[in-house]
Structures are given as C-alpha cells and as structure tokens.
Amino acid sequence: MWTKNRNIRSILFSTYSLIILIVFTVLVAWFYLWASDLLRKNATDSLESMGQSMQDNIDSEFHKLNDVSLNVMYSNLVKNHFQRYLSLTTDSRSNIAVNANVTGAENSVQNAKELTDILTAAIGPSRPVEQLYLYDFKSKVYGNGFDNGERTYLPQDKPWFDAVMHNTAGKYIAPPVPDEEMSRFISSNEKQFSMSLFRLFYDNYNTPMGIIEVKQYFNRIFKSAIDFTDRNPYQAKVLVYNNANEIIYPTKADKERYLPYMTYRGADGTAGNQSFYNQDTGEKALLSLHYSEFTGLSTVIIVSESKLLSPLFTFAKRTVLIALIILLLSILLSFLAAKRITMPIQKIHRSMRTMRLEDLGTERGAAPQLNSGLNELDQLYWSFVKMSSRLKQSMDDLLMSQHQELQAKLIALQTQMNPHFLYNTLTTIQVMAQENMNAEIVAMTENMSDFLRYFSADGSLVALKEEVLHTRKYLEINQIRFGRKLHFEFDIDDQLTELRIPKLIIQPLVENALKFATKHQPPWTIRVTGTISANHWQVEVADTGDGFSEESLANLDRRIQEIDKTNVLPLLQLNGMGLLNIYIRMKLMYGNETIFRIANGQGATVIIGGTLTQGGINEHHGHGGTAVS
C-alpha cells in the first residue's frame, strides 16, 4: 500500500516538481553569472577610477611643491638676496664680534626682511605649501612659513643631504618623517608627519649654491587616500610606495605584510587591475595599481574580493530565496492537485502510524468508516480495523500468558527458600533440645510459627518493613541460641518502609551472612542498612566473617554475566541457588535497573536494590532509621 501511495505521488507530484526545478536552476544560474560579471566589472571600474583619482590628487599636491620650488629656483631676486644675505650675515657677524661696522649688521637684517618678502611672494597668496627652507652647503638655513628666520644645521645629520647632492633627476621626494615643529600648529594630540621636496639651488653661473626644501603636511598630501580608507564600504586598504620599495603610506605599515603586494606590476608595468592571492595571509584580493612618473610613487588599492562582491552574494541569496518561494508555491499547487486522490491513502497511513497498543480494538485509533468515495479504499480500511481488533485479542492473550509465567517463576524461586529455612531452624531446635534449653525452644518455636505464616501468606511482593520485621525475628531466634556472641543492627531509611519488594529477599542474605560469620571467632556482628540515592533504593547486608572466597566470587560473577549477556534466566533448581536465586528474582522485578553487588570488606558485603518507581515510591523527603542489636 505504501509503495502504491509513493508511485501515485511520483506521477502527479515529482514529475512537475522536477521540471520546475530544472527550469528554475537554469534561469537562476544564468542570471547569477550575468549579474556576477556585471557587478564585478562595475566594481573593478569603480576601483580603477578611484585609484586614478587618488593618484591624481597625490600628484597634484606634489606638483604644488614642485611649482614653488621651481619659482624659487628660477627667481633671480631670490638668488641675489640669498647670496647677499649669506655674505652680509658672515661679514656682519665678523664685525659685530670686534664691535665694528654696526651698519653691516643693519644691512643684514634689512636683506633678511627683503628675502622673506620675496620668498612669501614665491610661495603665493594661496600658500600651497606650509614651509620653505633655503640651505647652504655648510651650516646655514633660512626658513619662510610657520618657521621664519635663520637656523643652523649639520649636513651630516640630515638623512636627505647625500641623496639630494647626488640626485640627477632634478627633484628628490623624501619619505615622510615626524615633524615636531609642524605638529605645534595643528590642534591634535597626535604627532604630525610631513613630506619634503628638495632641489639643488643654482646661481646665475649654474653653480650649486644651496638646497631648496619645500614642505607640506603628510595628511594634506594623502588626504584622498585617508578619506577613502576611512569611508569606503569594502574596508579596502591603500598602499603607496616609492621606487626604492619604501612604504610612504600608511606611515606605520608592516613592510613584511605588504611586501607581496609591492612586487605586483600591471600589464604595462605601470598600471592595471588583477586578482591577487596572498599566500602568506591566504587572502584573495583585487588590486588596482597606478604609477606616477612624476613622483615615482605607486598607489595600490587592495580590497578583499569577498567584501567587494558582498552585494553580489546578497543578491544571490535573495534571488535563490525568491526562486525557492516560487518553487515551493508551484510544488504546493502540484500537491493540491494530487490531494484528492492521495488523501484517503494518507488517512489510512495516518491511522496505522498513530495506532497505539492501548488503542487496538477501539475507535480511538481509527474511525469505523473511511467514507472516501472509493470502494477499494473503503474495503481496505475496514479490513485494517478488523485486523486491529484481532491483534488486540492476540496481544491480550500473550500478555496474560507472560504474566502467569512470570508469577510462576517468582513463586517457584520464593518457595525454594522455605524448606531451606525450615531445615536450618529444625537443626537449631535439635541442638537446643540436646542442651535442655526448653525456654529458648519455646521462644524459638513461637518465632518460627510467625515465620512460617509469613512464608505461607499469599503474594510474592511485601512491604520492606514486613521483610525487615521477619528478618529481625530470624536474628532473634538465632540470638537465643548464640546469646551475646551475636550482635545485629538495622538502619533503614523511613521512606523505604512501604517499598514493595520480593518476599524473602533480605532474610536469606542475613541467613547467609550468619552462616559464614559463625565460622569465625565471636563476637559476630551483622548490619542491615537501607538507603535512598536519587531514584534508586538499596539494602546492604554486611558481616564480620572471613568474606567470600575468590573462587566463589568468580563463579557467581560468571553466572550473573551470562544472565545479563543472554538475557535468559537459568532453569529452576531446587538446590544450590543461594545468592543467584536472589539475583534472578531481582532481575525479574527490576530488569536492567537491578542493583546487585558483592564485595569483601571487614567481612562479606552484599548490596541489592532497584528503582523507587518500580518499587512503589515516587518521592522522599528525609532520612530516618532505627538500630537494634
């Protein structure tokens, strides 16, 4: 029936679903590839445009520096006044040193003012640069900008001096350096960096007479790069380096990290866009390189492809989601079309799947009529209802048979213990009669009479307090015989008194403990302890004898493992059961939740137990006990 149900759905449901799935897959795949190429091209073009714009802005700032340096370099007024300033400064200082020719010093000051005015005019009213310095080749430098006036310097202390002196390209652009002087004019706690453009300064005879330094704030030169780094949505990085592979921007960049990107060159060696895989970081990125012949700087924009194409991934997810929704709607329509035929079959299947054991033979699990309008299905459903009724009757008969078999086994195992106790007690009375212990015999026969009534009472389960009471009577019978040589103690949790346990399950343990304890020198002590732990109860019987032999423990453990492994109880025997008899009855009562442990301590210890719910106790609130000896 289930196979037919699946075949009907395959014809009316799976075929249409497969067609829809194929069509949607082809359309979505084509649309994704088309959109992917489009978005990638737009992102690449945008990245290239941004890189070119950034390079143009940086070049523009350096052009301003270069223009100012050329204005100064080709100004005859600057050359003449600088030569005069240097000569007057030297002469005036020499004269001042000997307190003569004060007029020369005044001329030097006047010439310095004129030089300042000329340099200010060379910079221009818009001040495209922040600072201008004129150096001689010895120790003098004159500044114009935020730092005006004469200074001294040591050529060997300037890292750019040798590079400028040996430079053949005309201009030299030094890497950025921290600038404490310029930092004072910015309202920021961060130390400012500056960059300088240097040129040799020639006199009218084309002989080098000094060095021109034009300086600008680093943040102003690379403002476009800084703004792009801070505001771009793709978390792209910008790298600017010179022909010597010195990183210009960012100033605190780790060269080892960026070195793989600095080895990249475009198709023509100066520009290009390319996917790049960094083996050191495992990152796949898109690079946009732009090189400036004017500055010798390479500008690289580095953006992770996963972040650059994140809009594509978002678009793909939305497209797939919409496609799935449309696909599900189409499948739903196919399902509704097939529902009219498959509904009766589904109803039969639902009745069979939800049928519980207690519902067999009743109307709770299945309605008496299907009323599908299809005669074949109605007849099939009626047959199923009749089958459930017959199955219920068969299961009731089987459960009754199993219950009777279980009760027979428990009773048979229990009755094994009766003659065993009777034989031992009669032997004890015989010994007491030989020793003329008449009063003791009377007390023992009274206790024995109570014990025999306990044995012969109906039922295989008793309250634990009854089992403890008759176990205590048994010990009292033996205490009559042994006197002060025998001591016994009971400590039973009050919550266990009403627990239902198999009859004669504690007394045989005590009898066994007494049997082996008396082989040892007196006094003999037997302790019976009952406790609750979580959802389990357990009773421990311990004595002060010699304990179990290794052979006995091994033999008993082997037989218990055989029962647990095969889950088959051994055939009943009238002799030689002992502790195994108790384990079998516990196994029948508690199954895998049975607690049965044997160990040697000061003597022999046997622990039995099971679950509280199986024994008839659902909760406990405290602990109490009694001790008798």
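Descriptive notes on the structure:
- Here region 121-220 is treated as a Stokes sphere of Kirkwood radius computed over C-alpha pairs; at 37 °C and 0.692 mPa s its diffusion coefficient rounds to 228 µm²/s.
- Net charge of Cβ neighbours under 11 Å - reference Phe198; Lys, Arg +1; Asp, Glu -1: +3
- Extending 7 Å from the Cα toward the beta-carbon at both Val442 and Leu332 defines two label points whose distance is 9.4 nm.
- Translational diffusion coefficient of region 428-573 (Stokes-Einstein, Kirkwood radius from Cα pairs, 4 °C, 1.567 mPa s): 75 µm²/s.
- Computed over region 436-519, the P(r) curve from all C-alpha pair distances, binned at 5 Å from the origin, holds 3, 13, 23, 23, 20, 12, 5, 1, 0 percent per bin.
- Positive dipole terminus of region 418-529, leading residue within Met437, Leu464, Ile505 (C-beta point charges): Met437
- Charge sum, other residues only, whose C-beta stays under 15 Å from Phe313's C-beta, Lys/Arg counted +1 and Asp/Glu -1: +3
- The Rg/Rh ratio for region 478-550, using Cα coordinates for both the radius of gyration and the Kirkwood hydrodynamic radius, is 1.02.
- Each peptide among 74-82, 479-487, 603-611 gets the average number of other Cβ atoms lying within 10 Å of its residues, and from highest to lowest they stand as 603-611, 74-82, 479-487.
- Potential lengthening of the chain between Met343 and Ala121 amounts to 70.3 nm, from the contour at 0.36 nm per residue minus the alpha-carbon distance.
- Descending by average beta-carbon neighbour count within 10 Å, the peptides 197-204, 41-48 line up as 197-204, 41-48, the highest first.
- Ordering of 111-122, 496-507, 145-156 by burial proxy (mean other Cβ atoms within 10 Å per residue, highest first): 496-507, 111-122, 145-156
Only the coordinates and a few stated rules stand behind these numbers; no lab work does. These numbers come from a predicted model, not from an experiment. So basically every Cβ, Gly included, is an ideal-geometry build from the backbone, and we count neighbours across all protein chains shown.
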